[in-house]
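Each value in this text was obtained by applying a stated rule to the coordinates, not by laboratory testing. Being a predicted model, the structure only gives us computed values, none of them experimental. Quick reminder, even Gly has a Cβ in these numbers, built from the backbone with ideal geometry, and neighbours come from all protein chains shown.
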Amino acid sequence: MSDLVQLAQKNLFGLSRQQLTALMKDLGQPAYRAGQTIYAMWHEKSSKLADIKTLPTSLRESLAAAGWVIRRPKIVETFRSVDGTERYLVAGDDGQTVETVWMPDGDEAPGSQRATICVSSQVGCAVNCQFCLTAKLGLQRNLTAGEIAGQVIAVLERQKVEVGKDRINLVFMGMGEPFLNYDNFIAAVRLLVEEAGLAESRMTVSTSGIVPGILRLAEEPIRPRLAISLMRPTMRSAKPLCRSRANGR
Ligand code: SF4
């Protein structure tokens with residue numbers, strides 16, 4: 001499991017069903033313990049091991065003794081615009097923040113919501129587009145799959161979204177270049193589709209033109225739509241839609 005653990009503390013939130021099954025197997029547990037853990041984290045919103053009462057106490061203690069925790073990204077600051085757009089600073093596993101944006105469409109039917117969530121994939125960015133404020137940070141680190149998917153979950157919970165009823169689009173156009181953090185980006189997409197119930201057809205990933213990522217995406221069984229930013233990295237004024245909101249402080 002060591003390659004799954006990218007930060008100092010082991011985080012169950014963000015592991016796939018297959019990864020959790022492997023972990024349970026390592027601990028001598030049946031595969032259905034992974035399903036119980038997934039259900040607790042993604043449907044019952046459990047935020048600590050002690051809350052997962054379907055797991056035996058001895059298993060929860062073993063997981064805790066091995067350093068495993070449940071850590072979800074948290075909204076730590078909110079900036080609201082008059083048009084209803086909300087821009088959030090979301091803290092990840094180590095407290096570093098990225099921006100996530102909620103953009104209501106404004107034409108939702110009574111009793112339902114239509115909105116787009118703009119999601120970050122890295123803390124900072126290495127691409128260095130001249131028009132982008134995120135570029136000034138340089139690349140601080142990649143977000144984990146849990147930190148990418150968890151931004152969406154934090155916003156869905158804040159906005160009391162009913163998945164399946166409300167029409168929510170996701171755009172991976174926030175801080176960072178998703179295809180330079182490909183494995184975590186695509187793992188987050190799978191979690192959002194398989195565990196959160198969001199539709200891949202309502203997701204779009206934007207790249208600055210990272211060709212290996214484009215080729216890998218074409219082979220994925222679960223994949224968002226692709227948008228390619230045609231801005232020149234040396235352009236100083238115009239910005240792609242979401243990045244202008246997500247990165248313009
Ligand atoms: S526009 Fe996107 S790819 Fe370019 S520096 Fe900003 S975050 Fe990175």
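The table that follows gives values for the structure above.
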| quantity | calculated |
| --- | --- |
| Overall form of region 58-152 per C-alpha gyration tensor (a/c, 1.5; a/b vs b/c) | oblate |
| Least to most buried among Arg202, Arg190 (fewest other Cβ within 10 Å first) | Arg202, Arg190 |
| C-alpha long axis of helix 182-194 to longest principal axis of the chain, angle in ° | 70 degrees |
| Leading residue at positive end of dipole, the chain (Cβ point charges), from Leu15, Gly124, Val205 | Gly124 |
| Positive minus negative residues near Arg202 (Lys, Arg vs Asp, Glu; Cβ under 13 Å) | +1 |
| Cβ-placed point charges (K, R +1; D, E -1), dipole of region 74-247 about Cα centre in debye, nearest 20 | 580 debye |
| Global geometry of region 74-247, whether rounded, prolate or oblate, following the gyration tensor of its Cα atoms and the 1.5 cut on a/c | rounded |
| Estimated FRET transfer efficiency (Ser47, Lys160; beta-carbon r; R0 25 Å; 0.05) | 0.90 |
| Helix-only mean residue ellipticity at 222 nm for the chain, each DSSP H run of n ≥ 4 adding -39500 (n - 2.57), per residue, nearest 500 | -8500 deg cm²/dmol |
| Per-pair calculated FRET efficiency, R0 = 25 Å: Arg80 and Arg202 via Cβ, rounded to 0.05 | 0.60 |
| Order of Leu192, Leu230, Leu23, Leu89 - criterion: other Cβ atoms within 10 Å of each residue's Cβ, fewest first | Leu230, Leu89, Leu23, Leu192 |
| Nearest-ten-degree value, helix 17-26 long axis tilted from longest Cα axis of the chain | 30 degrees |
| Computed lengthening from Ala126 to Gln96, 0.36 nm per intervening residue step minus Cα-Cα distance | 9.1 nm |
| For region 105-181: span of alpha carbons on each principal axis (Å, largest first) | 43, 26, 19 |
| Residue order, fewest to most beta carbons within 10 Å, for Trp42, Trp68 | Trp42, Trp68 |
| Theoretical gain in end-to-end length, Ala22 to Leu137 [0.36 nm per residue, Cα-Cα removed] | 37.7 nm |
| Rg/Rh for region 9-69, where both radii come from Cα atoms and Rh is the Kirkwood radius | 0.90 |
